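Following: one structure in structure tokens, then a few remarks.
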Amino acid sequence: MHRGTASLADSVPIENQNSESRRNVAIIAHVDHGKTTLVDGLLRQTGLFRSGQEIAERVMDSGDLERERGITILSKSTQIEYEGTHISLVDTPGHADFGGEVERVLGMVDGVLLLVDAVEGVMPQTRFVVAKALEHGLRPILVINKIDRPEQRANEVLDEVFDLLVELGASDHQLDFPVVYASGANGYASLEATTPGEDLRPLLKTLIRETPPPPCDPDGPLQFQAVTLGWDTFLGRLVIGRVERGNLTRGEVVTRVTRTGKSEPFRITKLFGTEGLSRIERESARAGEIVILAGIDSIEVGDTICAKDFLDPLPRIEIDPPTIRIAFSANSSPFAGKEGQFLTSRQIGDRLDREALSNVSIQIEHTANLDQFQVAARGELQLAILMETMRREGYEFSVSRPEIIEREIDGKICEPVEDVVAEVPETLSGVVLDKLSGRRGVLKSMNTRDSRTQLTFVVPSRGLFGYRGVFLSDTRGEGLLYRTVRGYEPISAPPPRRQLGALVATDTGQATPYAIFNIQERATLFVPPGENIYKGQIVGENSRVGDMNVNLIKAKKLTNIRAAGKDDNTLITPHRSVTLERALEWLEDDELLEVTPKSIRLRKKIINSDRRKG
Ligand SMILES: Nc1nc2c(ncn2[C@@H]2O[C@H](COP(=O)(O)OP(=O)(O)OP(=O)(O)O)[C@@H](O)[C@H]2O)c(=O)[nH]1
Ligand SMILES: [Mg+2]
């Protein structure tokens, strides 16, 4: 099974190494600052891509949705070897909704590479990941990345990071962090901002020198915490984590300790380490190593695996609570059951429960209504990814409008508030300022460089509901918007409502070009001509306040009306297709989002227009 390269073939078997020659490091940063690309560079540098081997970009982004969207969703680890030191690298997501993925892996590393883009500098999620690293007592190695960019401003970025650490209460030791300047994409690093390096060795050397080896007691009784769960068709459930104490041996009987303190013995049937992109079978692993084991199906992230005669569970993994909640139920639309494979509430509930076992930042509440499940998460994107994953697996369901989760702090009801950074062409800064101020945003700073303006705000999560769509259209796709939950503050005002009404179909049938043509001046359509629609379905957005009922299947003889793209004589405006993220932001309380493997439709909860008010 060994698929390593020459440099690895000569090395000492991993089993025989002591913890001095081992480092466990997580790579953390704001979204897009280059974490996954840097891992490619490090794999290449240490020879784990064989020469001539065709490798995809960003190999750690191995999930389908990660590849399609070009973002990291799950934390994943790989191992490289450099001059006799084995380094486990944990790549983490930078998007705020997946912050729980960063939190859950920090317990198994002894150092972090904090990447900061040499142009963008400190961003909201930089602050979040630094705060979490400091809480874990870690001292970051600052990697000012993308130093190849001509507009780089490494010196200012270094000051920004220093100020951030001071603000977050870092210790003197943490403030004395090492700095490396790098270009992950070009595969070089340097200790000087002004001299580009030749390769990534300066970074590897700094990493090995500045990261402590894992604390390690190989002779004590076994302790191993499940940090990630995976699945393999042949092996079943895979459990990934770090051996905190003692040894793990294949074939050994060990005990799992659950959240409630219950214990369950099982036999370790397989044990693996990772080398580059391959899984390497192992006989044993010792304290300090990150490994994968099989042999137990029912396990939850945070459970400890202990020696069978010495139960000593580690503290559960603590992460920030979810901020939004949504209700999942079986699809009850007139088109229900036509496109999905798993339809019943029971199937949906089981699938959601399974998600919560492996995804620490998702919580499922079964409600008094047996057909409805409240799913709590860290943001709309996280929910959209869960929904997309389920529909690809064949599930069909409906969801309600997300709601913000309030918390009581010191007797006061509080709501989450977020750090928001909008980066837009200078001429558009006014409209962003107006709209966010109108949503209870407080402007913190505003800087213009090279005719791009960066505005930073603190805004309640509630106020941001539905804002992304508004921002995209206000900035015509030329703006960037980042948000990260910062904390909780007492509630100050009710949430804003959607400004524009829904266009609701009064009849079931096929949407006709004629009917669409007649309404398109007054609404933005969500469906193209020819689409099957049902009574009560939301087929567009009204251009005004208030809902509008419309007969979209009305036919009349077609003379000059043709579908878009067929002819110069285009009369039908292309429709705006419904995406999961935009739909979640758009929904109102009396509406539902219907999700099937083939379709995403919006509808009114009450199908009959005469029974709906307004
Ligand atoms: N100029 C330049 N661009 C880079 C560099 N490294 C990465 N990029 C680009 O930055 C973008 C994001 O890179 P990723 O490696 O996916 O960033 P990430 O931090 O893993 O992103 P998330 O996991 O989604 O948070 C891609 O378009 C890369 O091509 C670099 O060293 N220089
Ligand atoms: Mg990534």
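FYI, it's all coordinate maths here, none of it is from the lab. These numbers come from a predicted model, not from an experiment. When we count neighbours, we look across all protein chains shown, and the Cβ atoms used for this are built from the backbone with ideal geometry, even at glycine.
Compare the Cα positions of I413, L455, L481 along the charge dipole of the stretch 411-490 (+1 at Cβ of Lys, Arg; -1 at Cβ of Asp, Glu; about the Cα centre) and return the one farthest towards the positive end.
Farthest towards the positive pole: I413.
Give me K605, K146, K262 ranked fewest to most by other Cβ atoms within 10 Å of their Cβ, as a rough exposure proxy. Don't skip to the answer; put the middle values down first.
Numbers: K605 14, K146 26, K262 9.
In increasing order of surrounding Cβ atoms, one gets K262, K605, K146.
Past 27 Å, Cα to Cα, is the threshold; run K554/K605; K76/K435; K338/K535 against it and keep the listed order. Mind showing how you got there, number by number?
Details: K554/K605 24 Å; K76/K435 38 Å; K338/K535 16 Å.
Distance filter (> 27 Å) returns K76/K435.
Run the numbers on the chain and let me know its relative contact order in percent, using alpha-carbon pairs under 8 Å that are six or more apart. Before the final figure, lay out the partial values.
Working: 1362 pairs, mean separation 61.7, N = 614.
Across the chain, relative contact order equals 10 percent.
Report for the stretch 70-201 the percent antiparallel among DSSP-assigned beta bridges with both residues inside it, nearest 5.
Details: 10 of 19 bridges.
Counting DSSP beta bridges with both partners in the stretch 70-201, the antiparallel share is about 55 percent.
Put +1 on the Cβ of each Lys and Arg and -1 on the Cβ of each Asp and Glu in the chain; which of A583, G197, I87 then has its Cα farthest toward the positive end of the dipole?
A583
Given +1 on the Cβ of Lys and Arg, -1 on the Cβ of Asp and Glu, and no further charges, what dipole in debye does the stretch 411-490 carry about its Cα centre, rounded to the nearest 20?
In total the dipole reaches around 220 debye.
Largest first and to the nearest Å, give the Cα extent of the chain along each principal axis.
81, 60, 57
Given the pairs K35/K205; K262/K308; K146/K444, which span a C-alpha to C-alpha distance of over 24 angstrom in this model? Don't skip to the answer; put the middle values down first.
Values: K35/K205 18 Å; K262/K308 13 Å; K146/K444 27 Å.
Violating the 24 Å Cα-Cα cut-off are K146/K444.
Taking only Cα atoms, what is the 0 to 90° angle, nearest 10, from helix 429-438's long axis to the longest principal axis of the chain?
It is inclined by approximately 80 degrees.
Using +1 at the C-beta of Lys and Arg and -1 at the C-beta of Asp and Glu, which of F471, G273, L433 has the Cα lying farthest in the positive direction of the dipole of the chain?
F471
I need S358, S437, S398 ordered by Cβ neighbour count within 10 Å, fewest first.
S437, S358, S398
How charged is the neighbourhood of I268? Take every other residue with its Cβ under 10 Å from the Cβ of I268, and add Lys/Arg as +1 and Asp/Glu as -1.
On the way: positive: R250, R267, K270; negative: E252.
Residues near I268 contribute +2 overall.
Return the whole-Å distance between the Cα centroid of the stretch 423-462 and the Cα centroid of the stretch 149-169.
Using only Cα atoms to place each centre, the spacing works out to 21 Å.
Can you give the local net charge around E418? Use residues other than it whose beta-carbon is closer than 13 angstrom to its beta-carbon, Lys and Arg +1, Asp and Glu -1. Please list the in-between numbers first.
Values: positive: R127, R378, R439, R440, K444, R462, R468, R483, R486; negative: D97, D320, E380, E415, D419, E489.
With Lys, Arg at +1 and Asp, Glu at -1, the net is +3.
Relative contact order for the stretch 8-210: what is it in percent, counting Cα pairs under 8 Å that are at least 6 residues apart? Numbers along the way, then the final one.
On the way: 373 pairs, mean separation 45.5, N = 203.
The normalised contact order for the stretch 8-210 reaches 22 percent.
Would you work out the charge dipole size for the stretch 8-210 about its Cα centre, treating the Cβ of every Lys and Arg as +1 and the Cβ of every Asp and Glu as -1, and quote it to the nearest 20 debye?
On the way: 19 positive and 34 negative charges, 63 e Å.
It works out to roughly 300 debye.
I need M60, M446 ordered by Cβ neighbour count within 10 Å, fewest first.
Lowest to highest Cβ neighbour count: M446, M60.
Take peptides 178-184, 455-461 and line them up by average Cβ neighbours within 10 Å, highest first, as a rough protection proxy.
The densest-packed peptide leads the list: 178-184, 455-461.
Work out from phi, with θ = phi - 60° and the Karplus expression 6.51 cos²θ - 1.76 cosθ + 1.60, the ³J(HN,Hα) of each residue of the stretch 32-43, listed in order in whole Hz, and give x for Gly and Pro.
Values, residue by residue: 6, 7, x, 4, 5, 5, 5, 4, 3, x, 5, 5 Hz.
Please state the relative contact order of the stretch 223-307 as a whole percent: Cα pairs under 8 Å, 6+ residues apart? Present the calculation step by step, with values, prior to reporting the outcome.
Values: 209 pairs, mean separation 34.5, N = 85.
41 percent.
Quick check for me: using +1 on Lys/Arg Cβ and -1 on Asp/Glu Cβ, what's the dipole size of the chain about its Cα centre, in debye to the nearest 20?
2320
How large are Rg and Dmax for the stretch 137-193 when calculated on the C-alpha trace, in angstrom?
Final numbers for Rg and Dmax: 12.1, 35 Å.
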